[in-house]
Amino acid sequence: MKKLALFMLAIALFSGTANAGFIGDWQLQNWTTSGPGTVTITPPSGSADSATFSYRDDPAGFSDVTWIFSDVATTGGTVSFNYDYSGNHANFEVYAYFSVFAGSNVISLVNAGPANCCTSPSGGFDYSGTATINVNPGDTFGFMVGGSNYDSTNHLNGDLTITDFDAPSVPEPASFGLLVVGAAMLAFGAGRRKRAN
């Protein structure tokens, strides 16, 4: 009985503490967006194994433009993910960048340009990789993408696809239930032992 209670307690403590995908506190309806033009998250809400954060701005003007996609961490720990950042920022004097941030910690993952036709990021780009960053409870966590160009075809279009998103989360209610059951079984076992002595 004691071994079973300890086993259930261990399951309760370690289950529900990390997300595999955009689930729990990280569901996509919790994310906010900022930036000009058309800005979308696909899917727009609910849980998902992967998500695509997109922007379309035409005309974009000739200054640097940034888009931010963010959520607030409720639990501290490490966030890890795979990314694919692709798009088209026209052809002349093209810049493209992508960073992940948590609070004041910013990690640059892509910083490309200036480039002219047709060296990436000019004429289209596609960057991919893996990243990790530590978050603290209450940190604003997210992705910052953007760039610029000095092209007469003055558009900035991009898609950031995030897969294998793994982030700390508040344990699910079922985990708390297992914790309570495990603690109750330990208390019951201890009480029986005292009465037997």
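Observations on the model:
- Evaluated at q = 0.10, 0.13, 0.16 Å⁻¹, the base-10 log of the normalised Debye intensity for segment 19-170, with identical point scatterers placed on the Cα atoms, takes the values -0.33, -0.56, -0.81.
- Label point at Asp25 placed 7 Å out along Cα→Cβ; residues across segment 131-148 whose backbone nitrogen lies under 19 Å: 132-143
- The residues packed around Ala73, meaning those with a beta-carbon under 15 Å from its beta-carbon, carry a net charge of -4 if Lys and Arg are +1 and Asp and Glu are -1.
- For a label point 7 Å along the Cα-to-beta-carbon line of Asp84, residues of segment 132-164 with backbone N under 16 Å: 158-164
- Paramagnetic reach from Asn111 in segment 141-166 [backbone N under 18 Å; point 7 Å along Cα→Cβ]: 143-149
- The simple spin-label model puts a point 7 Å past each Cα toward its Cβ; for Thr140 and Thr32 those points are separated by 0.6 nm.
FYI, it's all coordinate maths here, none of it is from the lab. Remember, predicted model here, so these are calculated numbers, not experimental data. Virtual Cβ from ideal backbone geometry, glycine too; neighbours counted across all protein chains shown.
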